[in-house]
Each structure stands twice: as structure tokens, then as C-alpha cells.
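As C-alpha cells, the structure follows; a few thoughts come after it.
What follows is calculated from the coordinates using simple rules that are stated; it is not laboratory data. None of the values given here were measured: they were computed from a predicted structure. Neighbour counts run over all protein chains shown; Cβ positions are idealised from the backbone, glycine included.
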Amino acid sequence: MIRITDHPFQIADAVAEFERQSAGAGAIVTFSGLVRPQSAEGDVQTLHLQAYSPITENGIQQAVDAAQEKWSLSAVRVIHRIGDMAPGDPIVFVATAAPHRRAAFEAADFLMDYLKTEAIFWKKEITASESRWIEPRAEDYRDRTRWNQ
Amino acid sequence: MATILYFGKLSSIFGELSEHTPIPVKIVDTKSLREWLDQSRGFDGALLHKSVRVAVNSEIVDDPFPVSDTDEIAFMPPVGGG
């Protein structure tokens, strides 16, 4: 259910595969994150991501376990890219299936907030003028705290 | 030989993601390993920063944690999010 890969993936394929896996669900929510073409530093040429297996996968699995404890989910899928990506490339795919929509929406949102702030990834943005390692934004941390209540 | 992994900005400073190196006999734990690598690899204090976590054989540990010459030791700066 969790895949960290240095190979490009197609969102349409991931959606189709998840739909097959979650046959019988009443609601499926999918989220796809793409490499943004612009940053504060200019046009993005490459986004480079590192992970540390199996610590990265174990952390995501704990977040998936927490989501499954909190909501009634029949299936969860997380695909995350590592390596070099170009603007427009998919970075992350999160899919949740549940009997009803609210659980699927909220669980996907919860998992993305985990992935944006706590997941074990290191991210380097390369523009024409510089390359820099980036950290989560303040709003990413604020989003994450919504689930602490 | 131990395997040392450097993630994030540490990999940029070192120029590689990993190295295989014999650990000197006097290095017995993660704290002394940090200090030795920081000095000998030109990290200039970056490895000593409190925000850099260390993992031994894929388990995040607190300094000082015992290390041996067959371990995989990873230095992990703050994560960047996915």
C-alpha cells in the first residue's frame, strides 16, 4: 500500500489500480501532488528528493495506521517519488477508499499533512540561479496541527 | 567497515550520499563518531548541530549510542516534507 519509487508514475494508472483494489467502496478520494514550475527563487528546473528506507516507509505506515484507526477506510494507497523530477511530474499520490465520502476526504487530507511536514524526505530545489534544500512552510505545520484536537 | 549515510544538505557538503569507512578504535558511540566525522570530513560543525538526528541500523537513536565497524549509521538533518 506504500511505494517509494525513483521511477516516474502515471496518475491515471495509479487511480485505475486503486479503483480495482477498492471495489465495493462507496467513496474514493485521490490526491496528486505535482512539481510546481515556479518557486520564490525563480523557474524550477529540477526537484530532487531523498528518502531513507525503511525509516521513511515505516513512518508513512504509522500515519496510515493512525488514519485507519481514526476513520473507517477500506483501502489506502501512498505512492511517493524520490530522485530527480521536472516541473509537472507527479511527486505524490494518496488515495483513500471508505463507505462514505467524509472519511475518505478527511483521511486523504490527514495523510497529506503528515507527508508535507513529518515524512522522512529531504527536498532540494534547483533553479537557474541556485540549488537549495527546502523545509516545510509555516502553513504546512499549521495544517498538520489541525489533527491534534 | 561501517556505512555512513549523509542526507539532505549534509550530502551536498560531503559531495556524496554515503561512504564506507573503517571506524577508528577510539570511536565507540554516535557522539564521538559525529565529532570525528565532522572534523575529518570538513563538515565544519554541520554534523554537530542538535537538529541532525542519527540512526544506527535504521533505528533513530539518541547520542551517545554504541556503534561498531559493521553498522550502518545515518545522519539526518531536518526533513523537507514530501
Tilt relative to chain A, helix A:101-117 - C-alpha long axis, 0 to 90 degrees, to 10:
30 degrees
Among the trypsin sites (Lys or Arg not before Pro) within the stretch B:1-74, which fall in a DSSP loop and have no more than 14 other Cβ atoms within 10 Å of their own Cβ?
B:Lys26, B:Lys50
In sequence order, calculated HN-Hα J values of the stretch A:120-133 (Karplus, 6.51, -1.76, 1.60; Hz; x Gly/Pro)
7, 9, 10, 10, 10, 9, 10, 10, 4, 9, 6, 10, 9, 7
Could you derive backbone 3J(HN,Hα) for the stretch A:76-82 from the dihedral phi with the Karplus parameters 6.51, -1.76 and 1.60 (θ = phi - 60°), listing whole Hz in sequence and x where the residue is Gly or Pro?
9, 9, 10, 10, 9, 7, 10
Given a 10 angstrom Cα cut-off, can you work out which residue in A:Ile28, A:Ile91, A:Ile134 is the most mobile in a GNM of chain A?
A:Ile134
Mind listing the long-range amide H neighbours of A:Ala75? Cut-off is under 5 Å, sequence gap 5 or more, other chains count too, H placed in the peptide plane at 1.01 Å from N.
A:Ala97
So what's the angle, to the nearest 10 degrees on a 0 to 90 scale, between helix A:55-70 and the longest Cα principal axis of chain A?
40 degrees
Exercise: per-residue mean of other protein chain Cβ atoms within 10 Å, B:72-78
2
Using Cα pairs closer than 8 Å and at least 6 residues apart in sequence, work out the relative contact order for the stretch A:11-102, in percent.
47 percent
In terms of modelled amide H atoms, which long-range or inter-chain residues lie less than 5 Å from the amide H of A:Phe121?
B:Gly80, B:Gly81
Using alpha-carbon coordinates, inclination of helix B:30-40 to the longest axis of chain B, degrees:
70 degrees
For chain B, with equal point scatterers placed on the C-alpha atoms only and solvent neglected, what are the log10 I(q)/I(0) values from the Debye formula at q = 0.25 1/Å, to two decimals?
-1.40
